[in-house]
Amino acid sequence: MNNLESILTENRVFQPNPEFAAHARIGSLDAYNALVAEAQNDYEGFWARQAREFLTWDTPFTTILDDSNAPHYRWFTDGKLNASVNCIDRHLPAKAQKVAIIAEADDGSVREITYQQLHDEVAKLANGIKSLGVTKGDRVIIYMPMIPEASIAMLACARIGAIHSVVFGGFSAEALRDRINDTGARLVITADGGMRGGRTVPLKSAVDKALEAGCASVEKVVVFERLGNAALNAGTDVAWSALIADKSTTCDPEMVEAEHPLFLLYTSGSTGKPKGVQHATGGFLVNAALTNAWVFDLNDDDVYWCTADVGWITGHSYVTYGPLALGVTQVMFEGIPSYPDGGRFWQMIERHKVSVFYTAPTAIRALMKLGDDVPAKSDLSSLRLLGTVGEPINPEAWMWYHRVIGSERCPIADTWWQTETGAHMIAPLPGAIATKPGSCTRPLPGIIADIVDDEGNPVGHNQGGNLVIKKPWPSMIRTIWGDDARFQRSYFPEKLKGYYLAGDSARRDDDGYFWIMGRIDDVLNVSGHRLGTMEIESALVAHPLVAEAAVVGKPHDIKGESIVAFVVCKGDRPEGDAADAMVKTLRDWVAEQIGPIAKPDDIRFGDNLPKTRSGKIMRRLLRGIAIGELPQGDVSTLENPAILEQLLGK
Ligand code: PRX
């Protein structure tokens, strides 16, 4: 049974664990309903209350929602605050000695950083980058391993009002260069390298390559000495240690307007060019803090661990900003779940007594394959809540997570959200909402989610449609950096009555539970990583030997989806050894253009691609061919039907 079928036939229900509910922040369905009603009766008042309760404002706001320039909604506009103050200073001196980050390196060595130390390191780096001339509104690219210094760099930017844009360390020099140039960044903060699975990740050399290829805006590069082998370029490069050596541990925070951009984060869409999703300081922090409290029920004595990389939105809301805003202790992990063996996650949960654990379905599926006896070797009794994010979780993986990792005791929060939403939108409040394996359950209070047809009309229960959010919320995307028109086109298409279009299809069952079915656009979800088919196609056709390419997704046991590329080469179609060599060349090429995560799993060569008479590539047919099926339906509109058999390899 495939994922979709198993989700469609799923009917198990798990009531909230009464012991958990007794201590939860929101501990009953009544409490959930009361919040939903509060938001319904006074939407702005509801959000104002949350913004005041969860954040510390330097200048309190009086305006709540400004929709005068919709869909560029603005929240808490006359309020001022600083994100690093909300994540650090306000916990001091009370939590000076409390551990903020337990950092476990790839090789297993552990460092603990208290809130006071975090404060001091952030202040020193903030003073350091200020001394390089970075000021409020400047863009800073952060290209770092998963070590505390990545969060320190983000918070240092926030402290002085600089706008950070973190680029995932797995992206290539080319991808990095595109992002640097799109943001016009003056500064890059990187490391001489990182460690993953016993291997070094050459970050600094990728920065060098990007800069050589042309990044006119960049003036300086700060290099954290993770490996201790940084070769610095005279003129541009500054060693992190030298930069902070003489800097003060006091740095007056820049109090910024709530709408001041906190960060840009690039994500894939349905064209070749990634979009710079812009988030605002105040609104983003409200939902980041609130969801960590409500959905993860984080309390002072929790040890929290989100396995996401800071290069993704999950690392922004659920590693750097949200947990620190609540002043909790968190684990940060540099490495990978399979190194030195597949028990790493479970050993770490035991070692650090993790109580709340948040990971992706792809990791759960991969670890599930190793068998129950691997986690059984570790003591997982510290766990009290489990979360998942990034893609639909198949009920089988959900049940394994529930049974083997959570001992049938821990609630599972399947959290649906996106880079653009900034924080969880649809997810169970663990003390209040019963869960169903494979469903992200019900919208959070204050989030007005619905499923509509292409004209914006609600569809009936159990009918699929477009997942939309009908009212603005604080942590929503403000715009696409430098491209307001694309922002409006992508997320607020005219026909949809002003609703936010998520780009996912979903259905809602008789109990009002949401079930995410997948993307409605040309976006793939490979191991929880979002990739545009067009982005990969553009990379392929940039190769001198490629004439044309089309990319589709194909269901995959562990990754969720794998990438299949259909390629037409210039000259003869490669066969046999020549084809094998070309496959390798193109996979390496895509890794260089985008990053190893975008390497096609399967490349097929054809003399041509299936096209309509007007020249449009028929992806629907290619999706069938990718899974080995010759299209059954009508192919009469096809210009060149014979090509189908060739691509199928028959
Ligand atoms: O298709 C949905 C899927 O991931 C997309 C968002 O990807 P990204 O912006 O990279 O953010 C990932 C981390 C939030 C969504 O449009 N997705 C995310 N969470 C879930 C999900 N699909 C099903 N269930 C989820 N819990």
Simple Cβ-charge dipole of the chain, Lys/Arg +1 and Asp/Glu -1, about Cα centre, in debye nearest 20: 320
Sulfur and carbon atoms: percent of accessible area, the chain [1.4 Å]: 49
Would you calculate a helix-derived [θ] at 222 nm for the chain, using -39,500 (n - 2.57) for each DSSP H run of n ≥ 4 and dividing by the full residue count, to the nearest 500? -8500 deg cm²/dmol
Going residue by residue through the stretch 232-238, the Karplus relation 6.51 cos²θ - 1.76 cosθ + 1.60 with θ = phi - 60° gives ³J(HN,Hα) values, rounded to whole Hz and with x marking Gly or Pro, of 8, 8, 4, x, 9, 8, 10
Quick check on my link table: of 80/220; 275/559; 554/611; 98/136; 436/559; 273/611, which ones sit more than 26 Å apart, alpha carbon to alpha carbon? 80/220; 98/136
Linear extension gain, residue 92 paired with residue 542, 0.36 nm per residue minus alpha-carbon span: 156.8 nm
Given backbone amide H placed at 1.01 Å from N, residues whose amide H is under 5 Å from that of residue 431, ignoring those fewer than 5 places away on the same chain, are 26
Given the Cα-Cα distance of residue 521 and residue 575 and 0.36 nm per residue of separation, how much length would full extension add, in nm? 16.2 nm
Work out, step by step, the length gained on full extension between residue 602 and residue 42: first 0.36 nm times the residue separation, then minus their alpha carbon distance; give nm to one decimal. 196.4 nm
Can you work out the Karplus-derived ³J(HN,Hα) for every residue in the stretch 144-159? Use 6.51 cos²θ - 1.76 cosθ + 1.60 with θ = phi - 60°, whole Hz, and x for glycine or proline. 9, x, 7, 10, x, 4, 5, 5, 4, 5, 4, 5, 5, 4, 4, 4
Please give the peptides 166-179, 412-425 ranked by average Cβ packing (other Cβ atoms within 10 Å per residue), highest first, as a rough proxy for protection. 412-425, 166-179
For the chain, share of DSSP beta bridges that run antiparallel, in % to the nearest 5: 60
Can you tell me the order of 33-39, 290-296 when each peptide is scored by its average per-residue count of other Cβ atoms within 10 angstrom, highest first? 290-296, 33-39
Residue-wise HN-Hα coupling along the stretch 506-513, computed from phi with Karplus coefficients 6.51, -1.76, 1.60 (Hz; x: Gly, Pro): 7, 9, 10, 8, 5, 8, x, 7
Using modelled backbone amide H atoms (1.01 Å from N, in-plane), which distant-in-sequence or interchain residues come within less than 5 Å of residue 605's amide H? 567
Given R₀ = 51 Å, FRET efficiency for residue 403-residue 239 by Cβ-Cβ distance, to 0.05? 0.55
Residues whose placed amide H lies under 5 Å from that of residue 266, excluding near-sequence neighbours: 277
Could you work out how far apart the two model spin labels at residue 455 and residue 135 are, taking each label as a point 7 Å from the Cα in the direction of the beta carbon, and quote it in nm? 5.4
Calculate log10 I(q)/I(0) of the stretch 523-620 for q = 0.14, 0.24 Å⁻¹, where I(q) comes from the Debye formula with a single equal point scatterer on each Cα and nothing for solvent. -0.49, -1.32
Per residue, accessible area of the stretch 515-650 with a 1.4 Å probe, heavy atoms of protein chains only, in Å², comes to 46
Classify the chain from the C-alpha gyration tensor, please: rounded if a/c falls under 1.5, else prolate or oblate depending on whether a/b exceeds b/c. rounded
Could you name the aspartates and glutamates whose alpha carbon sits less than 12 Å from that of residue 247, not counting residues in the same chain fewer than 8 places away? 120, 121
Residues with beta-carbon under 15 Å from that of residue 279, excluding residue 279: net charge, scoring Lys, Arg +1 and Asp, Glu -1? +1
Note down the net charge around residue 561, summing +1 for each Lys or Arg and -1 for each Asp or Glu among other residues with Cβ under 10 Å from its Cβ. +1
Going by average Cβ density within 10 Å per residue, which order do the peptides 260-269, 234-243 take, highest to lowest? 260-269, 234-243
Distance in nm between label sites at residue 28 and residue 339, each 7 Å beyond Cα in the beta-carbon direction? 5.0
What accessible area per residue, rounded to a whole number of Å², is obtained for the stretch 365-494 using a probe radius of 1.4 Å? 32
Cβ-Cβ cut-off under 12 Å around residue 313, Lys and Arg +1, Asp and Glu -1: the net charge is -1
In square angstrom, rounded to the nearest 10, how much accessible surface does residue 252 have for a 1.4 Å probe? 120
Setting aside same-chain residues fewer than 8 positions from residue 471, which lysines have a Cα under 17 Å from its Cα? 495, 497
Given a 1.4 Å probe and the protein chains all in place, what does the accessible area of residue 43 round to, in Å² to the nearest 10? 20
Pseudo-spin-label distance residue 77 to residue 612, built 7 Å along Cα→Cβ, given in nm, is 4.3
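The values are calculated or read from the model by the stated rules, or taken from the named source; none is laboratory data. Being a predicted model, the structure only gives us computed values, none of them experimental. FYI the Cβ positions are ideal-geometry reconstructions off the backbone, even for glycines, and counts take in every protein chain you see. Heavy atoms of the whole protein, side chains included, go into the accessibility calculation; ligands, DNA and RNA do not. Shrake-Rupley method; radii C 1.70, N 1.55, O 1.52, S 1.80 Å.
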